[in-house]
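In what follows, a structure is listed as structure tokens, so that the remarks can point back to it.
Only the coordinates and a few stated rules stand behind these numbers; no lab work does. Given the structure is predicted, the values throughout are model-derived calculations rather than measurements. All Cβ positions, glycine included, derive from the backbone under ideal geometry; neighbour counts span all protein chains shown.
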Amino acid sequence: MNEQACKERFYQLIHPSHPNEWEVEDLLGRLAGLPADRQEVLLDQVSPIWPVSHSLCLAFLEQGVRRIAVPDLLLADWVRALLQRYERDGLRGARTLLDDGGVKFLASREQSSAVTLEQIAPWLSLFVAGLAGEAMELTAGQTAATDTVTLRLPPEIDCAGDGTANTVLYKMVAAVHVGFVRQGTYRLVPGNNDLAAVRMRFDVTPPSGSRPSLAAYFALFPEPQLAADLFFIDECRRAMQWIESRLPGLARQWRSVFPELRQQLAVEPTSIGTAVSRLALAVLHDPFEPDRRGDPSGAAANPWPALLECYRQVADHGGAYRRPLILEMLGHHDFSGAAEQLETRRALVREAFVRQLGRLLADHHQQASEGNGGTADQVEATQIMLVEEGEQGQTTCRLVLHIDNENCQLPDELQALAAEILQDRGRIPAAYIAAAVGVAGGGVSSGHHDDADAAGPSPGPAPGARLVDEWDFRRNGYRKNWCAVYEKELPLVQSNFVAATLQNYHGVLLRLRRQFEMMRVDECFVGRQREGDELDLDAAVEARADRRASTAASDRLFIRLQRNERDLASLFLVDLSNSTRGWVGTVIKEALVVLCEAMAAAGDRYGIYGFSGMRRSRCELFPIKRLDEPYGEAVTRRIGSIAPREYTRLGPAIRRGAELLGTSDARTRLLVTLTDGKPEDYDDYKGEYAVEDTRKALLEARGSGLHAFGVTIDRQARDYLPRIFGSDHYLLIDQVQQLPLRMVDLYRHLTS
């Protein structure tokens, strides 16, 4: 590439930032003198470095033009090490690792066989997602643990002198914790008889009002940590048997590397710790024997009597208990975090099950009415049964709905929800079916599809609905009061998500806060003015000197107070459709946390609303932060409770969002839509119809004086985004991991 091509490529990579040309002109000129392949290698690293530190990025390119000792294959690892050093020690610390061209970095790699989570995270996240059946967020933690949604792993493993063995250990630890989730470890609850046995053995009385749980069960033991660790060891054995049945290759790798790992794990000095360590080593040595308690693919039948006896035998060794090194390597159970996530998941599954079963019952009632001349009695909850179809013992049994002496097949999505409830609770609670009957009686469904040419809104919107129009490009007109929009509150759940995000982005947030604080300056003194409140002494001295030198003196001799009023309000609409499930949804939540922290520093008014829904009769808005609401604990708890829901009907969300933002008296009002895909709903709201309605909603917003902009992480979006938002009013983010920083940079660019 010549110098001009280098400039164009560089500015494309850092868009929407635009540094002064004098800062980069000389550097890019020298970069143009390198071979083309070397130019590409260096420019490929601009995207990860620039959002973190502009100065570090320019210093990296400067060093790359001079000399880099790191081979191209390891360049990405070196850049990650630079960014880690920057977040820990700032720019000066990162420069110590940069200025030698990577010599120290290469030396440290040669001396250590350690494997870091950052090195293997790209492929390990795919491995975990495949094993878990859905995406799980990977984060670094002191020890391995999971709350069933996020998997925390040690930032580095160096238990063996061989990098391959350490990598196998990483895979096995991750697989074991996924196994806990798949095997139902966190759903196990001791029965009353098991609790009574522990109380009788140790003569303890549980706190009044305490609910049965794993944490409450272990608290009854004299050494709760010891009891929890013995349970952890047994669950590790069961999880590894599950791994053997699904990943025999990983089991073979484990057998080959475990002898080396065992040599590195010192036996604990205390007697009781030694007993636990030996028990764990014995389990890990050959954990793949068949489970004596039953099928390893299912939940443990009744581990509590064996656990109580094992505790007695181990505790007889005496001495204080200290957790052995081998268990620190394997991790621990996160009972409290898992309980929070399971409760949140349970509520979402219940809501979805009731809603979908209600629609199915409503459709059944409508068909029965049509078959009986327009009348049919409403079905009662006692007339409905969910029964298994298939021979007993089959693993592929399906649930069918038995109603009015007829069997009705459940749709696949409803079948999956029912299966999850059965796994969790062992049955479908009667309250769920009664709630679905109530939903059906409310008329939430009138068929499988909305008729595209029907006139009028969906029948009987529930109280609290706000009716909005929808644009039909085929008739070149609006469908009046066509969509019902509901505002629904998100649950205020206790979660460590926001705290973990703030920790992960600590270094970046410090820089962003400083930058955004500078944006909130409302007034400043401007010198050398023709009119003003005070005399500018510097200008007066220069004018006096000019007169003494017989030259023309300036008449700009005053200081004036200039007010820079930053009067703006912003509303962010966030897609909560089902396609944001997994790590995409996690990154979106992280982006909201970073955005809130930055905007709190700027002092701007802003609101955040999630949107989802199904069909025109139920378009939902979820206030995460209202325009007049301060950023505080309630907002962070709502962000932590964000979860994927249903479909993406963009038009009603934009119209309602524009209406909310229109109530602000700010001089500048910005409406930003964040989505991961094309507008689409369960009914006929898809394709060109959905695109044109969304485009019309944005034109309406701009016509009312709002500035509308779109952000998407859909790689196919180039086909439709220009039509919806306009050629200069959207941002396409190819790498989802960049979303938090790109969102903040975009806001700063739009409001500067």
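Let me check I've understood the local charge: for residue 16, count other residues with C-beta under 14 angstrom from its C-beta, Lys and Arg +1, Asp and Glu -1. What total comes out?
0
Going Cα to Cα from residue 488, which lysines come in below 30 Å? Please leave out same-chain ones fewer than 8 positions away.
Cα-Cα hits under 30 Å: 480, 589, 625, 678, 686, 696.
Treat the count of other C-beta atoms within 10 Å as a stand-in for reagent exposure and order 605, 345, 667 from fewest to most.
Lowest count first: 667, 345, 605.
Determine the relative contact order of segment 3-111: mean sequence separation of Cα pairs under 8 Å and six or more apart, normalised by residue count, in whole percent.
Answer for segment 3-111 is 23 percent.
In debye to the nearest 20, how big a dipole does segment 566-751 give about its Cα centre with +1 on each Lys and Arg Cβ and -1 on each Asp and Glu Cβ?
Values: 27 positive and 26 negative charges, 29 e Å.
Computed charge dipole of segment 566-751: roughly 140 debye.
Cα centroid distance between segment 56-76 and segment 177-241, in Å?
52 Å
With a 10 Å Cβ neighbour count serving as the proxy for reagent exposure, in which order, fewest first, do 178, 79 appear?
In increasing order of surrounding Cβ atoms, one gets 79, 178.
Order of 361, 492, 660, 721 from fewest to most other C-beta atoms within 10 Å?
Ascending Cβ contact count within 10 Å gives the list 492, 660, 721, 361.
Grab the other residues whose beta carbon is less than 15 angstrom from that of residue 729, score K and R as +1, D and E as -1, and report the net.
+4
Classify segment 566-751: rounded, prolate or oblate, from the alpha-carbon gyration tensor (a ≥ b ≥ c, eigenvalue square roots; a/c under 1.5 rounded; otherwise prolate if a/b is larger than b/c)?
Here segment 566-751 falls in the rounded category.
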